Amino acid sequence: MLDPRFFEKLGPVSLQSLAELAGARPASGAPLSLPVEGVAPLSAPRAGALTYIERLPPGPLPQLPEGAVFVIPPSAEAAAVEAGVAAIVADQPRPAFGRAAKHLFRLRPPTTSEEWIDPTAEIGEGCSFGPGVAIGAGAKIGAGSRIGPNCVIGTGVTIGPRATIGGNCTIICADIGSDFDMHSGSVIGEAGFGIAQTPSDPVEMPHFGSVRIGDGVRIGAVCGVDRGMFGPTVIGNHCKFDNLCHVAHNAVLGDGCILAAYGAVSGSTILGKNVVFGGRVAVLDHAVIGDDAVLASGSNVLADVPAGETWGGVPAIPHKQHLKQIAWIRMKSGVKRRSSKRGKDT
């Protein structure tokens, strides 16, 4: 279920209307008046919720909840009709889902009151706010927190005690633990970069999830942490980010992860505990990085990294192997390693 603190329900909308909004058509025999009022991932379909299937798995369809609605490709229509599944048929199910789903929910505005701090917000003892701070309805700010000028704390956001937030930050759709340290210009909880390509215009996929951040986390300046598509993007306890880092939608970071400047974690990537990024490290979406792994500066990680290993390079490979490759290239090219000794006149 979508969190009502962050999202406002717009439905229900009939299956027939959703098909029209999606630029698609109802499947043969689909119940046109069936009300749809939610969205769900394919891993957890439920009655009254819309989800999408881009391709059918081999074999017969599994048992699906009665009243669930699926956006399916034409190749799946016969199987859906035979199984009695309520469906919408689209040549490209993912963008069709994106077009339809935005008519079921919308993000609540960060603030709805004419007052800078909404009267329903809960402010702990000893908090201090800079000029221009806006705090939305139902937000909760823990005791002893300090929020810098021109920050926006959105509707329903919770922040634990002793937070320090620099100027010009925005936090929406998020639950944050204690002793949070966020530097100026960073943003938490905006929609992820989910783009469904079509023959005409790309479709931006709606993101109905949130961000969940543990205790003792540091977010550097000008960082971004995107909310998940259905569930939360998760940052574990005591993670530390340098400036200009980005964590994409649905990513999960274990406790104690460290990201140096320009670190980029792509969507649905999983980092174990105590993973370390050198500067300018980027990790492919859906990758799994094991506990205590180290990624050397400038790495471009395109595969899973086992626990405890150090990888480097583009694409990243085990670091010792990467160094051997560099040495071989230098030897073959005649490039000598630069001396670390500096001249007396420098």
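The values are calculated or read from the model by the stated rules, or taken from the named source; none is laboratory data. Fair warning: this is a prediction, and the values are worked out from it, not measured in the lab. Cβ coordinates were reconstructed from backbone atoms using ideal geometry, including for glycine residues, and neighbour counts include every protein chain displayed. Note: areas computed on protein heavy atoms with side chains; ligands, DNA, RNA excluded. Shrake-Rupley method; radii C 1.70, N 1.55, O 1.52, S 1.80 Å.
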Mean-position separation - Cα centroids, the range 183-233 and the range 84-127, in angstrom
13 Å
Quick check: from the Cα gyration tensor, does the range 1-71 come out rounded (a/c under 1.5), prolate or oblate?
oblate
Taking θ as phi - 60°, what are the ³J(HN,Hα) couplings along the range 138-144 by the Karplus curve (6.51, -1.76, 1.60), each to the nearest whole Hz, with x for Gly and Pro?
x, 5, 10, 10, x, 4, x
Simple spin-label model, 7 Å along Cα-to-Cβ: GLU114 to TRP328 in nm?
7.3 nm
In the chain, if the dipole is taken from +1 on Lys/Arg beta carbons and -1 on Asp/Glu beta carbons about the Cα centre, which of GLY48, SER75, THR112 is farthest to the positive end?
SER75
What's the carbon and sulfur percent of the range 19-169's accessible surface, probe 1.4 angstrom, rounded to a whole number?
53 percent
Rounded to the nearest 20 Debye, what is the dipole magnitude of the chain about its Cα centre when Lys and Arg each give +1 and Asp and Glu each give -1 at the C-beta?
1880 debye
Test of understanding: what is the full-extension gain from LEU42 to GLN197, defined as 0.36 nm times their sequence separation minus their Cα-Cα distance?
53.8 nm
If you count only protein heavy atoms with a 1.4 Å probe, what accessible area per residue comes out for the range 99-222, rounded to a whole Å²?
44 Å²
Relative contact order, percent, the chain [alpha-carbon distance under 8 Å, six or more residues apart]
8 percent
Accessible surface of the range 209-346 [probe 1.4 Å, protein heavy atoms]: carbon and sulfur percent
56 percent
I'm spelling it out carefully: the read-out is semi-axes √(5λ) of the Cα gyration tensor in Å, the candidates are [x] 40, 32, 15; [y] 40, 22, 16; [z] 33, 25, 20, and one was derived from this structure. Which label?
[x]
Net length gained if the chain between ASN300 and ARG55 were fully extended (0.36 nm per residue, minus Cα distance)
85.2 nm
Give me the net charge of PHE105's neighbourhood, meaning all other residues with Cβ under 11 Å from the Cβ of PHE105; Lys, Arg count +1, Asp, Glu -1.
+1
Anyone know which of PRO73, PRO26, PRO199 comes out most mobile in the 10 Å Cα GNM of the chain?
PRO199
What do you get for the angle between helix 319-333 and the principal long axis of the chain? Use alpha-carbon atoms, 0 to 90 degrees, nearest ten.
60 degrees
Environment charge at GLY236 (Cβ cut-off 10 Å; Lys +1, Arg +1, Asp -1, Glu -1):
0
Report, in deg cm²/dmol and to the nearest 500, the calculated mean residue ellipticity at 222 nm for the chain, where each DSSP H run with n ≥ 4 adds -39500 (n - 2.57) and the sum is divided by the residue count.
-3500 deg cm²/dmol
Relative contact order (percent, whole number), the range 103-155, Cα cutoff 8 Å, 6+ residue spacing
38 percent
Give me the percent relative contact order of the range 1-41, please, defined on Cα pairs under 8 angstrom at least 6 residues apart.
52 percent
Which entries of LYS240/LYS332; LYS9/LYS273; LYS102/LYS140 show an alpha-carbon separation above 32 angstrom in the structure shown?
LYS240/LYS332; LYS9/LYS273
